[in-house]
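These notes are about the structure you will find just below.
The values are calculated or read from the model by the stated rules, or taken from the named source; none is laboratory data. Small disclaimer: the values here were computed from a predicted structure and weren't measured. We place every Cβ from the backbone using ideal geometry, glycine too, and count neighbours over all the protein chains shown.
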Amino acid sequence: VIASDPIRAAIDALPPLPEVAVRVVEIVNDPDFSTDHLVAVVRTDPTLTTRVLKLCNSSLFALSREVHTVADAIAYLGSRRLVKLVLATCSMVYFRALDGAAGDSETLWRHSLATGILAQHLGERSEIVAPGTAFTAGILHDIGKVVLAPFADRSPGELAAATAAKAGDFLAGERALTGFDHAVVGGMVADRWQLPVDLRRAIRHHHSAALIMRDNPLTAVVHVADVIADQLGCGARDAFAYGLLPEATALLTLADDDLHRVRLDAIDEIERSEDLLKLE
Ligand SMILES: [Fe+2]
Ligand SMILES: [Fe+2]
């Protein structure tokens, strides 16, 4: 087991999530937000603006003309899509930073994006959770794995073997190797980034069956989105390690046909986002 110091140091070493990522979500969560305000906030981060405009002009959106400003981007994509693009762009950096030894950064990024998309659709469907917040929580829910990978996954099969030794309990496998599990570490990252409290709790508790029910609806959304992502073939290393809590879907007032609808809508969007996965 690794002493906690190197893991805390790895958390501190993560580049901070740009403030603009959280602010744009807060803006669009307000039903009366102005696009001017959104433009002003995105433009405070020139690196991000450049990346977003580059993505807008990529084959991903196949726009009929080139966009040169954030205001144009909103006009062509809509503010919801722009905000998702901003968040995906800000989060992608962490998954890209996983090196070869830590393996499957592509798989984890794909899982995170799929969970974000599913969470957003669950938020829209349940009307209890703001969709933008749900997307953010989904895309960041496994950020703890990024921190733990260099410690828990030093050689191929190490984590799988530790999980097997713990009767298939993935989190126990992580704890056996590092003293932490990725949900706890994700919570520590979220604290460090000073994310809104509901986001911190959703990241920290997304695998805690007892807490999912007592926490906040966002935690339930992330749990359900995470499990459905696995079912849709967008799982990470721990795919199918956790069962769907029926109480969580009940809490979100979602019936089977709602979940079916969410799956269909999300599959479509996940497929269209494939290009986003390949971008540098
Ligand atoms: Fe997880
Ligand atoms: Fe996950």
| message | Quick test of your reading of the structure: I128 fulfils all but one of (1) of a type outside the set (D, E); (2) modelled with pLDDT under 95; (3) assigned to a helix (DSSP H, G or I). Name the failing condition by number. | response | (3)
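Taking the conditions exactly as written (within 16 Å of ligand 2 (Cβ to nearest atom) and either surrounded by fewer than 18 Cβ atoms within 10 Å (Cβ to Cβ) or at pLDDT 95 or above (or both)), does A250 satisfy them or not? Before the answer, list the steps.
Values: within 16 Å of ligand 2 (Cβ to nearest atom): no; either surrounded by fewer than 18 Cβ atoms within 10 Å (Cβ to Cβ) or at pLDDT 95 or above (or both): yes.
Here the answer is no, as A250 does not meet what is asked.
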| In segment 232-256, how many are within 16 Å of ligand 1 (Cβ to nearest atom), free of Cβ contacts under 8 Å to residues at least 12 places away in the same chain and not in a loop (DSSP other than H, G, I, E, B)? | 0
| query | If you go through segment 7-61 one residue at a time, how many are closer than 23 Å to A190 by Cα, surrounded by 13 or more Cβ atoms within 10 Å (Cβ to Cβ) and of a type outside the set (A, V, I, L, M)? | reply | 7
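Being more than 30 Å from L251 (Cβ to Cβ) and part of a loop (DSSP other than H, G, I, E, B) is the filter here, so list the residues in segment 131-161 that pass it. Spell out how you get there, then give the answer.
Of all residues in segment 131-161, those more than 30 Å from L251 (Cβ to Cβ) come to 149-161.
D153, R154, S155, P156, G157, listed by residue number.
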| said: With the requirement that a residue be away from ligand 1 (no atom under 12 Å from the Cβ) and either within 14 Å of D238 (Cβ to Cβ) or surrounded by fewer than 24 Cβ atoms within 10 Å (Cβ to Cβ) (or both), what does segment 134-146 give you? | reply: none
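Return yes when R192 is surrounded by fewer than 16 Cβ atoms within 10 Å (Cβ to Cβ), within 21 Å of L98 (Cα to Cα) and not β-branched (V, I, T) and no when it is not.
Working: surrounded by fewer than 16 Cβ atoms within 10 Å (Cβ to Cβ): yes; within 21 Å of L98 (Cα to Cα): yes; not β-branched (V, I, T): yes.
Yes; evaluated as a whole, the condition is true for this residue.
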| What pairs can you find where one residue is in segment 131-145 and over 12 Å from A21 (Cβ atoms), the other is among the acidic types (D, E), and their Cβ atoms are less than 6 Å apart, with a gap of 6+ or different chains? | P131/E124
| remark: By residue number, the members of segment 192-206 that are within 16 Å of V147 (Cβ to Cβ) and either under 16 Å from the mean Cα position of the chain (by Cα) or within 16 Å of ligand 2 (Cβ to nearest atom) (or both) are W193, L195, R200, I203, R204, H206
| note | Checked against (1) in contact with a Leu (Cβ under 9 Å, 6 or more places away or on another chain); (2) surrounded by fewer than 20 Cβ atoms within 10 Å (Cβ to Cβ); (3) of a type in the set (A, V, I, L, M); (4) part of a helix (DSSP H, G or I), L171 satisfies every condition except (1)
| If we keep just the residues of segment 107-145 that are polar (S, T, N, Q) and more than 22 Å from R192 (Cα to Cα), which is farthest from ligand 2 (Cβ to nearest atom)? | S126
